[in-house]
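*Asks:* One structure, as structure tokens, below. Some questions next.
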Amino acid sequence: MSPTQFSLLAVLLLAGCMAQGGASRVLELSDRFLDIRKDGQWLVKFYAPWCAHCKRLEPIWNHVAQSLHNTNIRVGKVDCTRFTAMATEFKVSGFPTIMFMKGSELFTFRGDRTKQDIVDFALRVSGPPVQRITRPESISNLRKAISLFFVYIGPYEGILWEAYLSIAEAFQPNAYFYGVAAETARDHIDFNRVPAVLVYKDNMHIFFEEPPAKDESPEERLQAVNESLTHWINAERFHTFLKVTRGNIHQTLASNKNLVLAVVEENKLEDIPAHMIDFRDMIESVIRENKDKYHRHFQFGWTGSPELANSVAMSVLPLPSLIVINSTTNHHHLPAEHLLGPAGLAPETIIHFLDTILDESAPVYGGNSFFVRLYRAYFEGKTALADMWMGNPVLTSVLFGLPLGFLSLICYSICCADIMDAEEEEEEQDHEKKE
Ligand SMILES: *[C@@H]1O[C@H](CO)[C@@H](O)[C@H](O)[C@H]1NC(C)=O
Ligand SMILES: *[C@@H]1O[C@H](CO)[C@@H](O)[C@H](O)[C@H]1NC(C)=O
């Protein structure tokens, strides 16, 4: 047994393997993990026992470990209040933080902390940035298993390949990248030139258009192709109509398109009232029918958390609603009141609304200026307070009432003390005079 194997075994034993109830496959890691972190692949959760988000993640984390049980990825957790050296070493700044470690490579998970998203992330980063497809039938299997992925077709050399590989390295935590030789792909993908890059999503292929060749050196050409491919991949790595959440809204805004958001309300069980589902479906059918016209400029999505949209709009939007966010300027657009018919938004009005955004005649709200940010902070504070009040009026009154009570007591005593002192002094003076 080599020393590293030995220390690995020691850590595994220390972990008690079956922490808590025998069912969990999560390894409880200590500072000694630092000696072996470069051996194998690790998915690690950094947590603190007092943090509420960590408690919510706990059962999900056990399921993640269960799902990854048959892979060579080990799943662990670190209590950062006990093992502070670990938190320092990995520069953990918030709880929970999820990281994947592979040799000296380190990937931080940024997304929704659902089992599926975490498992997908781990499987993506555990492989090479571009996975090579060698058997033709793998292509149809992939389509069944993964709903969105990029494919490079052609020889593994040349400018397009170099650009694709370096972008895949950068985006590996966020998307799946494959490579395939032209002969292998021939019967499964319809392509008319090699090399080519395409994205598979929503049951279709969309090809990347290389920028027209200019009189440029190979280095300049690589730069140009890399830049336009980066832009394209960044914009195409989302589904045509995706669910937008707190976890992914920042990623979505990075697409550099206008984000068109259907706002509905979802309860804790992910149920949505029927009329809001109809609204969402209506929006989805409008965008699918007009995909070619809007695809380049708009990213479409829906959200079940109205507070996300309210915070952008800085007001409480009626439900269901439609809001468009300009990802570069952070301005937003709302359909004008007079566009709304008796039954709310109709397909024609939506198209008209989107067209006015494209020709920049739609009214613009919000933005990123200092005053808007200040107002947004005020609005969010107010909303948080109102939510607290609705959730637990007694606690809210105690929390805010007690300090207020103390404050008024202190004020009262300061003011009144002055007056009383003054009177006393006067009285004393009177006494003196009398004496
Ligand atoms: C291409 O772009 C990616 C992502 O923007 C970047 O990480 C990479 O360094 C670039 N590659 C080259 C060869 O310029
Ligand atoms: C955001 O607004 C600016 C200024 O109005 C505009 O130039 C830009 O094209 C818009 N962004 C998008 C993604 O359309």
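*Asks:* Hey, can you tell me all the residues within region 346-386 that are open to solvent by 50 Å² or more (accessible area, probe 1.4 Å) and touching a residue at least 24 places away in the same chain (Cβ under 8 Å)?
*Replies:* The answer is PRO347, LEU358, PRO363, VAL364, TYR365, ASN368, TYR375, GLU380.
*Asks:* Still on this model: Here's a check for you: in region 192-212, which residue that is in contact with a helix residue (DSSP H, G or I) (Cβ under 7 Å, 6 or more places away or on another chain) and in a loop (DSSP other than H, G, I, E, B) is nearest to GLU157 (Cα to Cα)?
*Replies:* PRO195
*Asks:* Being in contact (Cβ under 8 Å) with a residue 12 or more places away in the chain, surrounded by fewer than 16 Cβ atoms within 10 Å (Cβ to Cβ) and over 26 Å from ILE118 (Cα atoms) is true for just one of ASP202, ASP190. Which residue is that?
*Replies:* After ruling out the rest, the residue left standing is ASP190.
*Asks:* Does region 256-265 contain any residue that is open to solvent by 50 Å² or more (accessible area, probe 1.4 Å) and farther than 23 Å from ARG237 by Cβ?
*Replies:* For region 256-265, residues open to solvent by 50 Å² or more (accessible area, probe 1.4 Å) and farther than 23 Å from ARG237 by Cβ: present.
*Asks:* What strands (runs of 3 or more DSSP E) lie completely within region 66-175 and have 3 or more residues being out of contact with any Cys (no Cβ under 8 Å at 6 or more places or on another chain) and crowded, with 17+ Cβ neighbours inside 10 Å?
*Replies:* Because the criterion is at least 3 residues that are out of contact with any Cys (no Cβ under 8 Å at 6 or more places or on another chain) and crowded, with 17+ Cβ neighbours inside 10 Å, the strands (runs of 3 or more DSSP E) in region 66-175 that meet it are 73-79, 97-102, 148-153.
*Asks:* Residue under question is THR329, and the condition is that it be more than 16 Å from ligand 1 (Cβ to nearest atom), open to solvent by 40 Å² or more (accessible area, probe 1.4 Å) and either assigned to a helix (DSSP H, G or I) or over 30 Å from PRO273 (Cα atoms) (or both); does it hold?
*Replies:* yes
*Asks:* Here is a check on your reading of the model: is VAL260 away from ligand 1 (no atom under 16 Å from the Cβ), touching a helix residue (DSSP H, G or I) at 6+ places or on another chain (Cβ under 6 Å) and outside the structural domain of ARG376 (by TED's automatic domain parsing)?
*Replies:* No; evaluated as a whole, the condition is false for this residue.
*Asks:* Sticking with this one: Of the numbered conditions (1) in a helix (DSSP H, G or I); (2) within 16 Å of ligand 2 (Cβ to nearest atom); (3) more than 16 Å from the chain's Cα centre (by Cα), ARG288 fails exactly one; give the number of that condition.
*Replies:* So ARG288 meets the others, but not (2).
The values are calculated or read from the model by the stated rules, or taken from the named source; none is laboratory data. In this text the structure is predicted, and so the values were computed from the model without any measurement. Ideal geometry is used to build each Cβ from the backbone, glycine not excepted, and the neighbour counts take in all protein chains shown. We work out accessible area using only protein heavy atoms, side chains counted, and drop any ligands, DNA or RNA first. Shrake-Rupley method; radii C 1.70, N 1.55, O 1.52, S 1.80 Å.
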